[in-house]
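Read the structure below first, then the notes.
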Amino acid sequence: MRDAVTSLIKNYDVAGRYFDRNAIDSLKSYFESGTARVQAAAAINSNAAAIVKQAGSKLFEELPELIRPGGNAYTTRRYAACLRDMDYYLRYATYALVAGNTNVLDERVLQGLRETYNSLGVPIGPTVRGVQLMKDIVKEQVAAAGVVNAAFVDEPFDHITRELSEQDV
Ligand SMILES: CCC1=C(C)/C(=C/C2=NC(=C\c3[nH]c(/C=C4\NC(=O)[C@H](C)[C@H]4CC)c(C)c3CCC(=O)O)/C(CCC(=O)O)=C2C)NC1=O
């Protein structure tokens, strides 16, 4: 598992090079956004259950067929599994936000996930929609917590979306 700093060190060490201008710039930007990243994590942590619930309700409102007979989230067990997955995405997105790097998502969440989803008939499009709904809610909450430039919040959610759908967002 890597964060912004360890991943940079790894790349420069492999090449046996000192940090150059690019490296210094990305270190600067990581440290400058540090407080905001921690604030964002705090805002998510204190509202995580509500964020998942709200995004889930919106998703099922938009795509009610998911929870009707024949839908992948139909039955209490699968409904709960769906919300649990959303909770995984939110929690790991928070880790990635703090790390300033999406490696934790690749290693702990996304590896083999498409195959699992395909074999269980879990639809990717609606899952990605759920992730994007959470992103929107998180951005509102982070802005409400007083974080001025919250653009970095997009990164982990868009990464999940890209990797799951193998499409540009
Ligand atoms: C921490 C990393 C991690 C992830 C990401 C993860 C995902 C994950 N989601 C699963 C199932 C599932 N995932 C969903 C999700 C959904 N169905 C829908 O229609 C919606 C679109 C969507 C919710 C947004 C459902 C319904 C199941 C159960 C499918 C089944 O058993 O038939 C399964 C199969 C095993 C199980 O049911 O627990 C895994 C491994 N597990 C992990 O350990």
Output for the stretch 48-63, where each listed residue is of a type outside the set (A, V, I, L, M), more than 12 Å from Met86 (Cα to Cα) and in contact with a helix residue (DSSP H, G or I) (Cβ under 6 Å, 6 or more places away or on another chain) = Lys58, Phe60
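Residue by residue, here is whether (1) open to solvent by 30 Å² or more (accessible area, probe 1.4 Å); (2) more than 16 Å from the ligand (Cβ to nearest atom); (3) more than 21 Å from Ile160 (Cα to Cα); (4) part of a helix (DSSP H, G or I) holds:
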position	(1), (2), (3), (4)
Arg2	yes, yes, no, no
Glu61	yes, no, yes, yes
Asp87	yes, no, no, yes
Val98	yes, yes, no, yes
remark   = Within the stretch 108-152, residues in a loop (DSSP other than H, G, I, E, B) and within 15 Å of the chain's Cα centre (by Cα) come out as Gln111, Ala150
ask   = Which number in (1) within 16 Å of the ligand (Cβ to nearest atom); (2) farther than 20 Å from Ser29 by Cα marks the one condition that Ala145 misses?
value = (1)
query = Quick one: what pairs do we get from the stretch 24-38, first residue among the charged types (D, E, K, R), second surrounded by 13 or more Cβ atoms within 10 Å (Cβ to Cβ), C-beta under 8 Å, 6+ apart or different chains?
reply = Arg37/Leu97; Arg37/Val98; Arg37/Gly100; Arg37/Phe152
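The values are calculated or read from the model by the stated rules, or taken from the named source; none is laboratory data. This is a predicted model, so every value here is computed, not measured. Note that we place each Cβ from the backbone using ideal geometry, even for glycine, and neighbour counts take in every protein chain shown. With ligands, DNA and RNA removed, areas are computed over all heavy atoms of the protein, side chains included. Shrake-Rupley method; radii C 1.70, N 1.55, O 1.52, S 1.80 Å.
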